[in-house]
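See structure below.
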Amino acid sequence: MIQIKNIKKTYTSNNIRVDALKNINLDIEKGDFYGIIGLSGAGKSTLIRLLNRLEEPTSGEILVEQKDILGFNNSELQEYRKKTGMIFQHFNLMNSRSVGGNIAFALEVANYPKEKIKPRIIELLKLVELEDKIDSYPAQLSGGQKQRVAIARALANHPKVLLSDEATSALDPKTTKNILNLLKDIQKKLNLTIILITHQMEVIRDSCNKVAVLDGGNVAEVGEVVNIFSNP
Ligand code: ADP
Ligand code: ADP
């Protein structure tokens with residue numbers, strides 16, 4: 001599904017070079033719940049920004065369903081971003097819009113057919129078990145509920161891949177488990193590929209089937225979670 005080949009990313013600012021990613025090779029298969037773990041500064045965010053084409057690598061290749069995403073023109077890139085959902089640590093909801101309005105926004109910018117927007121919002125809120133909050137505002141929701149809205153929004157345009165950037169890091173342990181279980185259920189229902197970056201080992205253990213351990217811009221270890229982490 002996704003092949004990351006010989007990816008290097010060097011940032012240069014004020015004549016200081018930082019090799020954020022030195023040589024990354026990963027193979028993510030359809031249906032994987034793929035964890036990427038590492039300490040702060042290991043290169044996790046850089047990798048996820050490359051996957052979403054928010055940044056370009058210094059060298060290397062990223063193939064998604066056999067297509068080189070680095071060669072995309074603007075319209076291909078727009079289409080690709082629509083098909084790649086993303087959730088974040090701080091949810092990134094618009095406070096001025098209701099739950100329904102936040103999801104509607106994602107559909108509107110993707111030119112979703114107008115008459116299908118409301119039914120799609122309801123379908124998505126059912127998926128994340130939050131139908132009764134359609135007219136609530138983010139300020140009225142708990143952290144877990146906000147993340148559910150963000151998940152619904154990320155899935156609005158039927159993506160095949162969901163990228164999760166420390167999406168449970170601002171949540172308490174119980175809510176974290178609930179969100180991870182929800183993601184696992186949704187993954188099965190929708191046949192999604194999920195890539196999750198985190199600094200929390202227990203998040204990987206609870207949710208992922210595969211894991212790559214990043215360290216100083218390199219892959220230190222990669223494989224099945226059961227083989228990488230011994231049981232407690
Ligand atoms: P992580 O997400 O694992 O904490 P990052 O990908 O954010 O790691 O960072 C990897 C390295 O790249 C760090 O040394 C960081 O300081 C550096 N870095 C990240 N983004 C930039 C940037 N825009 N400009 C310069 N250096 C950066
Ligand atoms: P907001 O307070 O976010 O501006 P609106 O007043 O526009 O929300 O929306 C009122 C109701 O319609 C809510 O139930 C909301 O979920 C839903 N909704 C919001 N935007 C759209 C849209 N573009 N199409 C269909 N339903 C929408």
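Once the Cα-Cα distance is subtracted from the 0.36 nm per residue extended length, the S13 to D132 segment shows a gain of 38.0 nm. Comparing V99, V128, V18 in a Gaussian network model of the chain where C-alpha atoms under 10 Å apart are linked, the largest mean-square fluctuation is found at V18. For K160 and L39, the FRET efficiency from 1/(1 + (r/R0)^6), where r spans their Cβ atoms and R0 equals 41 Å, is about 0.85. Cross-link pairs exceeding 22 Å in C-alpha to C-alpha distance, out of K22/K188; K30/K189; K83/K174; K30/K118; K30/K188, comprise K22/K188; K83/K174; K30/K118.
Any read-out appearing in this document is the output of simple, stated calculations on the displayed coordinates, not a laboratory observation. Note that the structure is a prediction, hence the values are computed from the model and not measured. Counting neighbours? That spans all protein chains shown, and the Cβs are built from the backbone with ideal geometry, glycine included.
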